[in-house]
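Visitor: One structure is given below, represented as structure tokens, and several questions about it will come after.
The values are calculated or read from the model by the stated rules, or taken from the named source; none is laboratory data. Remember, it's a predicted structure, so these values are computed and weren't measured experimentally. Counting neighbours? That spans all protein chains shown, and the Cβs are built from the backbone with ideal geometry, glycine included. Accessible surface areas use protein heavy atoms only, side chains included; no ligands, DNA or RNA. Shrake-Rupley method; radii C 1.70, N 1.55, O 1.52, S 1.80 Å.
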Amino acid sequence: MKRMSAALVPPITLDKHSRCPIYRQLYDWFRSAIAEGRMRPGQRVPSTRSMASDLQISRVSVFNAYEQLQSEGYLETFSGSGTCVARTIPDDTSGFVPVRGRKGSEGVITDSGLRRLSARAEALLNAPSEPWLHNLGPFRVSLPALDQFPIDVWSKLVARHSRGLSRSVMAYGDVMGHLPFREAVAEHLSMFRGVRCDSSQILVTTGSQQALQISAHVLLNPKDQVLTEEPGYPGAHLAFTAAGAELIPTAVDSEGLVVPEINRRGRHARVAYVTPSHQYPLGMTMSAARRMSLLQWAVRSDAWIIEDDYDSEYRFGSRPIASLQGLDLHGRVIYIGTFSKVLFPSLRLGYMVIPKDLLPPFRAARDAADIFSSTFYQVVLTDFIGEGHFARHIRRMRMLYMDRRKELVSAIRSQMGEILEVIGAEAGMHLVALLPPGVSDLSVSKEAAKIGISAMPLSSCYLKAPKRGGLILGYGGVGRSQIHDGIRKLRTSVRTRAGV
Ligand SMILES: Cc1ncc(COP(=O)(O)O)c(C=O)c1O
């Protein structure tokens, strides 16, 4: 490659109308030229005077660009010999991917070619796209009644704590979480979920998803086996896949995970991930006998159980079911909960209850992840719980969701009773509507997404091909009229795809 003479100013095109300052455009040009090997180590650069006069720009701009390049180590100055490209830049830059500046932007990679990713990232990329999650329209799963959230109370608490923001709330917080918040969570769990714990066992997380990820880091090596419910929660599939684990889909029936399956398929598994209070997505409750069998399996196999208690606050018709963790006498259960459904998902607050002897590795893994969750919102939520707003909100939402569920079931029965079969409508914020055999739920969901209906296909929760397709319909975030209107629209999509 021809070396540039120090006396010659290279043909640099500058856009004087750009929002990107001239000095920055100059800087970008030199940086790319050096990175791409068009300018070599030791090569002299034109003087500030000749650059300014040839390019008809101010000398200050040139000076600023050179100074920036120098402070970042691209250029160096020697007394007597002027300014050169730094000699520490490797001479062989061939094959370096060029980065070109865009008007006022950071620059884009123009010729990426094939890039080597980790096997874990490749596995995550295999996850299909989910058009039904791209809108907040009727039947979006996991969406609570956001318009019913007591925003006035919340805003007052936020304002109160913002005014008196203490140093301890603003500084780095405890890796395990804000202690008064953990105390409030521990009390709530012991009282309402039958969880055996004290505040030292509570680890505050950025939602359940992070709790799953941390559990996977602590408990699994790549290629370790994890028993998952089939069908099961796709978020859990992702977290375990990201950890390089092998997922073993395990059948569920009306009592939860099937015991012979646990014993047959779980011989070498390190972890079983379960949703015993309200199986995701089908909605059954794991029976007491199955809970005992699962606990025995964990003790016998020196394995762990991850209990995801994601929406147990909402049970209709029957009393709340106590947690599996509460039955565990051997410290085999890692319990996970979230505020995403009881409050709102963007709060990104969840928690785990960890057996005491596992606290050090979980603490270390949390530290390595993102250190700790926002102390401010933990402080606000501590008061929200302590002043009774949390319990009041749950009670109100339980009534509301019970009505919405009834409304949805009746809308389905009256408008699509001959097509859809409803299951799992006794708890939570969603139900499953099975499609006639042979109808692809994926194509119905895609069709529905085009008209703003969010109907999650049941097959997206399966690791193996399901026998029958269905739609997972959330009712938490849809009002009465939206339910009827949504079902009318959904009927069109189902009929288009099912030919009925
Ligand atoms: C089974 C299950 N677990 C956990 C969650 C909540 O996840 P997060 O707390 O990360 O928002 C959901 C929400 O959709 C869920 O369905």
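Visitor: Please work out how much accessible surface residue 175 shows to a 1.4 Å probe, ignoring ligands, DNA and RNA, in Å² rounded to 10.
Guide: For residue 175, solvent-accessible area is about 20 Å².
Visitor: Quick one: Debye curve from the C-alpha atoms of the stretch 347-500, no solvent, what's log10 I(q)/I(0) at q = 0.20 Å⁻¹?
Guide: Debye intensities relative to I(0), on a log10 scale: -1.13.
Visitor: Related question: Below 13 angstrom from the Cβ of residue 371, what's the summed charge of the other residues (Lys, Arg +1; Asp, Glu -1)?
Guide: -1
Visitor: Any chance you could look up the accessible area of residue 356 with a 1.4 Å probe, heavy atoms only, rounded to 10 Å²?
Guide: So the heavy atoms of residue 356 present about 110 Å² to solvent.
Visitor: Another question, then. Using the Kirkwood radius over Cα pairs, work out the Stokes-Einstein diffusion coefficient for the stretch 328-425 at 4 °C and 1.567 mPa s, in µm²/s as a whole number.
Guide: Result for D is 75 µm²/s.
Visitor: Another question, then. With the full set of protein chains in place, find how many percent of the accessible area of the stretch 288-375 is carbon and sulfur; take the probe as 1.4 Å.
Guide: Percent of accessible area from carbon and sulfur atoms in the stretch 288-375: 58.
Visitor: Same structure again: So how exposed is residue 484, as accessible area in Å² (1.4 Å probe, rounded to 10)?
Guide: Around 50 Å² of this residue is reachable by solvent.
Visitor: Also: Quick one: of 406/467; 464/489; 446/489; 156/406, which pairs are farther than 25 Å apart, Cα to Cα?
Guide: 406/467; 464/489; 156/406
Visitor: Rg (Å, one decimal) plus Dmax (Å, integer) for the alpha carbons of the stretch 122-221?
Guide: 18.4, 48
Visitor: Could you work out what % of the accessible surface of the stretch 391-462 is carbon and sulfur, using a 1.4 angstrom probe and leaving DNA, RNA and ligands out of the count?
Guide: Taking all protein chains in place, the stretch 391-462 shows 55 percent carbon and sulfur surface.
Visitor: What order do 161, 430, 17 take when sorted by accessible area (1.4 Å probe), most exposed first?
Guide: 17, 161, 430
Visitor: I would also like to ask the following. What order do 304, 132, 29 take when sorted by accessible area (1.4 Å probe), most exposed first?
Guide: 29, 304, 132
Visitor: With +1 on each Lys and Arg Cβ and -1 on each Asp and Glu Cβ, how big is the dipole of the chain about its Cα centre, in debye rounded to the nearest 20?
Guide: 900 debye
Visitor: So, for the stretch 196-237, what is the accessible surface per residue at a probe of 1.4 Å, expressed in square angstrom?
Guide: It amounts to 31 Å² per residue over the stretch 196-237.
Visitor: Let me ask something additional. Angle, helix 22-36 long axis vs. longest principal axis of the chain, Cα atoms, 0 to 90°, nearest 10?
Guide: Once rounded, the angle reads 90 degrees.
Visitor: Now for a separate question. Relative to the longest principal Cα axis of the chain, at what angle does helix 179-192 sit, 0 to 90 degrees, rounded to 10?
Guide: For 179-192 against the chain, the angle is about 20 degrees.
Visitor: Using a 1.4 Å probe, what is the accessible area per residue for the stretch 374-500, in Å²?
Guide: 42 Å²
Visitor: Starting from the eigenvalues of the Cα gyration tensor, five times each then square-rooted, give me the equivalent ellipsoid semi-axes of the stretch 458-500, largest first, whole Å.
Guide: 23, 16, 5
Visitor: Something else now. Express in % the proportion of alpha carbon pairs of the chain at distances exceeding 34 Å.
Guide: The proportion of pairs with Cα distances above 34 Å equals 51 percent.
Visitor: Another one. Can you put 205, 48 in order of accessible area, largest first, using a 1.4 Å probe?
Guide: Largest accessible area first, the residues go 48, 205.
Visitor: Percent of accessible area on the stretch 215-286 owned by carbon and sulfur, 1.4 Å probe?
Guide: That fraction is 51 percent.
Visitor: Counting only C-alpha contacts under 8 Å and six or more residues apart, can you give the relative contact order of the stretch 227-366 as a whole percent?
Guide: 18 percent.
Visitor: Mind checking which lysines have their C-alpha under 20 Å from residue 16, skipping anything on the same chain fewer than 8 residues away?
Guide: Hits, sequence-local ones excluded: 103.
Visitor: Where Rh denotes the Kirkwood radius from the mean inverse Cα pair distance, what is Rg over Rh for the stretch 217-355?
Guide: Radius of gyration relative to Kirkwood radius: 0.94.
Visitor: Something else now. Would you compute, from DSSP H runs of 4+ residues alone, the mean residue ellipticity of the chain at 222 nm, taking -39500 (n - 2.57) per run and dividing by the full residue count, rounded to the nearest 500?
Guide: -12500 deg cm²/dmol
Visitor: For residue 450, go through the aspartates and glutamates and keep the ones whose alpha-carbon is under 18 Å away, minus same-chain ones fewer than eight residues off.
Guide: 130, 441, 485
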